[in-house]
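Asker: Here it is, the structure, as structure tokens.
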Amino acid sequence: MRKAIIAGNWKMNKTPAEAAALVNDLKPLVKDASCDVVVCVPAVDIAAVKAAAEGSNIHVGAENVHWAASGAYTGELSAEMLVAAGVEYVIIGHSERRQYFAETDETVNKRAKAALAGGLKPIICVGESLTQREQGVTEELIRMQVKIALNGVTADELKNVVIAYEPIWAIGTGKTATADQAEEVCAAIRKVVGELYGADAAKALTVQYGGSMNPKNAEELLSKPDVDGGLIGGASLKADQFAVIVEAATKG
Ligand code: PGA
């Protein structure tokens, strides 16, 4: 039915030469993966990563996309530009962009629609802060983030959407959500998508968990029925660690 996707989020790490070296290390380690393997990389690394990944099962993603087709948006990249560079996936709405770069649910929605219209597969990130979790509003917040992100996305387009549940308190902190916490929210994401698009669409949706996923905890997280993959930050920068997570998805 739905395929697991393990995606690396390299964030602001690796020069083009370092990026190519990492992909070259990774290729033999993940070549037999039964899940999809994606690396989302800084824009300047895309060409080097594409070249290094040529002929392998490693797919290339970007870390952001602008909603406009072109124009006076200094520093931004359009879906068309990314697709022309060989990019297939794009992370949208990562909590770091929400926190540091004024990303809102509305801009996430605009980016998601532009990505889909341009032929990219968006990995849409949602997640609560520790305060919001303690306030007991996690599910309401996630439902709202998902609904706004998907506003105006057609059922056909939804087939190319991945949603990543990334609790902010678990990102880069070494604090992982328990497998049950991850399952609870990933199931809630599937439920709201089911309400919007129907049961079949919800069943087909890939929902990832992200936040300090590592070789030790990946197998348990990925064994949960509604956790279909991972969005991996820190551990995706080490070929051997990332490969163990890919292997865990093959089992889960
Ligand atoms: P982390 O990052 O694995 O380093 O916690 C995950 C993410 O931000 O996507």
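The values are calculated or read from the model by the stated rules, or taken from the named source; none is laboratory data. Since the model is a prediction, treat every value here as computed from it, not as a measurement. Note that we place each Cβ from the backbone using ideal geometry, even for glycine, and neighbour counts take in every protein chain shown.
Asker: For segment 197-237, how many residues meet the condition of being of a type in the set (D, E, K, R) and either under 13 Å from the mean Cα position of the chain (by Cα) or closer than 30 Å to Ala20 by Cα (or both)? Steps first, please.
Answerer: Step one: list which residues in segment 197-237 are of a type in the set (D, E, K, R), which gives 200, 203, 216, 219-220, 224, 226, 228.
Subsequent filtering for residues that are either under 13 Å from the mean Cα position of the chain (by Cα) or closer than 30 Å to Ala20 by Cα (or both) retains 216, 219, 228.
Of the residues in that region, 3 qualify.
Asker: Moving on. If you scan segment 172-187, which residues turn out to be buried (at least 20 other Cβ atoms within 10 Å of the Cβ), among the hydrophobic types (A, V, I, L, M, F, W, C) and either in contact with a helix residue (DSSP H, G or I) (Cβ under 8 Å, 6 or more places away or on another chain) or over 16 Å from Ile232 (Cβ atoms) (or both)?
Answerer: Passing the criteria: Ala177, Ala182, Val185.
Asker: Right, next: Are any of the residues in segment 123-134 outside any helix (DSSP H, G or I) and modelled with pLDDT under 95? Step through it out loud before you land on a result.
Answerer: As a first pass, look at segment 123-134 and keep what is outside any helix (DSSP H, G or I): 123-129.
With the extra rule that they be modelled with pLDDT under 95, the set shrinks to none.
No, every residue in segment 123-134 fails to be outside any helix (DSSP H, G or I) and modelled with pLDDT under 95.
Asker: In segment 100-112, what count of residues is obtained for those that are in contact with a helix residue (DSSP H, G or I) (Cβ under 8 Å, 6 or more places away or on another chain) and either in a helix (DSSP H, G or I) or within 21 Å of Ala177 (Cα to Cα) (or both)?
Answerer: Going through segment 100-112, the residues in contact with a helix residue (DSSP H, G or I) (Cβ under 8 Å, 6 or more places away or on another chain) turn out to be 103-106, 108-109, 112.
Checking the rest, the ones that are also either in a helix (DSSP H, G or I) or within 21 Å of Ala177 (Cα to Cα) (or both) come to 105-106, 108-109, 112.
Residues flagged as in contact with a helix residue (DSSP H, G or I) (Cβ under 8 Å, 6 or more places away or on another chain) and either in a helix (DSSP H, G or I) or within 21 Å of Ala177 (Cα to Cα) (or both) within segment 100-112 amount to 5.
Asker: Looking at Lys175, Lys203, Lys216, Lys191, which one is in a loop (DSSP other than H, G, I, E, B) and more than 11 Å from the ligand (Cβ to nearest atom)?
Answerer: Checking each option against the conditions leaves just Lys216.
Asker: Using the structure shown, decide if Gly152 is farther than 19 Å from Lys110 by Cβ, at pLDDT 95 or above and in a loop (DSSP other than H, G, I, E, B). Give the derivation first.
Answerer: Values: farther than 19 Å from Lys110 by Cβ: no; at pLDDT 95 or above: yes; in a loop (DSSP other than H, G, I, E, B): yes.
When the stated conditions are applied, Gly152 does not pass them.
Asker: Checking the conditions here, which among Ala112, Ala102, Ala85 is crowded, with 22+ Cβ neighbours inside 10 Å and either more than 16 Å from the ligand (Cβ to nearest atom) or modelled with pLDDT of 95 or more (or both)? Steps first, please.
Answerer: Numbers: Ala102 fails: crowded, with 22+ Cβ neighbours inside 10 Å; Ala85 fails: crowded, with 22+ Cβ neighbours inside 10 Å.
Testing whether each residue is crowded, with 22+ Cβ neighbours inside 10 Å and either more than 16 Å from the ligand (Cβ to nearest atom) or modelled with pLDDT of 95 or more (or both) leaves just Ala112.
Asker: Being surrounded by fewer than 22 Cβ atoms within 10 Å (Cβ to Cβ) and either within 16 Å of the ligand (Cβ to nearest atom) or of a type in the set (A, V, I, L, M, F, W, C) (or both) is the filter here; which residues of segment 148-160 pass it? Don't jump to the end; show me each part of the working.
Answerer: Step one: of segment 148-160, the residues surrounded by fewer than 22 Cβ atoms within 10 Å (Cβ to Cβ) are 148, 151-160.
Within segment 148-160, Ile148, Val153, Ala155, Leu158 qualify.
Asker: Evaluate segment 122-135: report whether one residue or more is aliphatic (A, V, I, L, M), more than 19 Å from Asp36 (Cα to Cα) and either surrounded by fewer than 20 Cβ atoms within 10 Å (Cβ to Cβ) or in contact with a Lys or Arg (Cβ under 6 Å, 6 or more places away or on another chain) (or both). Spell out how you get there, then give the answer.
Answerer: If we filter segment 122-135 for residues that are aliphatic (A, V, I, L, M), which is where we start, we get 123-124, 126, 130.
Subsequent filtering for residues that are more than 19 Å from Asp36 (Cα to Cα) retains 126, 130.
With either surrounded by fewer than 20 Cβ atoms within 10 Å (Cβ to Cβ) or in contact with a Lys or Arg (Cβ under 6 Å, 6 or more places away or on another chain) (or both) added as a condition, the list becomes 130.
Yes: segment 122-135 contains one or more residues that are aliphatic (A, V, I, L, M), more than 19 Å from Asp36 (Cα to Cα) and either surrounded by fewer than 20 Cβ atoms within 10 Å (Cβ to Cβ) or in contact with a Lys or Arg (Cβ under 6 Å, 6 or more places away or on another chain) (or both).
Asker: Mind checking which residues of segment 78-99 are farther than 12 Å from Ala62 by Cβ and outside any helix (DSSP H, G or I)?
Answerer: Matches in segment 78-99: Gly93 only.
Asker: Another question, if that's okay. Would you point out which residue out of Ser56, Ser34 is modelled with pLDDT under 95 and either among the hydroxyl-bearing types (Ser, Thr, Tyr) or at positive phi (or both)?
Answerer: Values: Ser56 fails: modelled with pLDDT under 95.
Of Ser56, Ser34, the one residue that is modelled with pLDDT under 95 and either among the hydroxyl-bearing types (Ser, Thr, Tyr) or at positive phi (or both) is Ser34.
Asker: Would you mind stating whether Asp32 is in a loop (DSSP other than H, G, I, E, B) and not aliphatic (A, V, I, L, M)?
Answerer: Numbers: in a loop (DSSP other than H, G, I, E, B): yes; not aliphatic (A, V, I, L, M): yes.
Yes: the conditions hold for Asp32.
Asker: Go through (1) away from the ligand (no atom under 16 Å from the Cβ); (2) part of a helix (DSSP H, G or I) one by one and return the number of the condition Gln145 breaks.
Answerer: (1)
Asker: Continuing with this model, one more query. Anything in segment 35-64 that is in contact (Cβ under 8 Å) with a residue 40 or more places away in the chain, under 18 Å from Gly229 (Cβ atoms) and part of a loop (DSSP other than H, G, I, E, B)? List them, or say none.
Answerer: Passing the criteria: Cys35, Glu63.
Asker: While we're here: Against the definition (within 15 Å of the chain's Cα centre (by Cα) and either modelled with pLDDT of 95 or more or crowded, with 16+ Cβ neighbours inside 10 Å (or both)), how does Val192 come out, yes or no? Break it down stepwise before answering.
Answerer: Working: within 15 Å of the chain's Cα centre (by Cα): no; either modelled with pLDDT of 95 or more or crowded, with 16+ Cβ neighbours inside 10 Å (or both): yes.
Answer is no for this residue.
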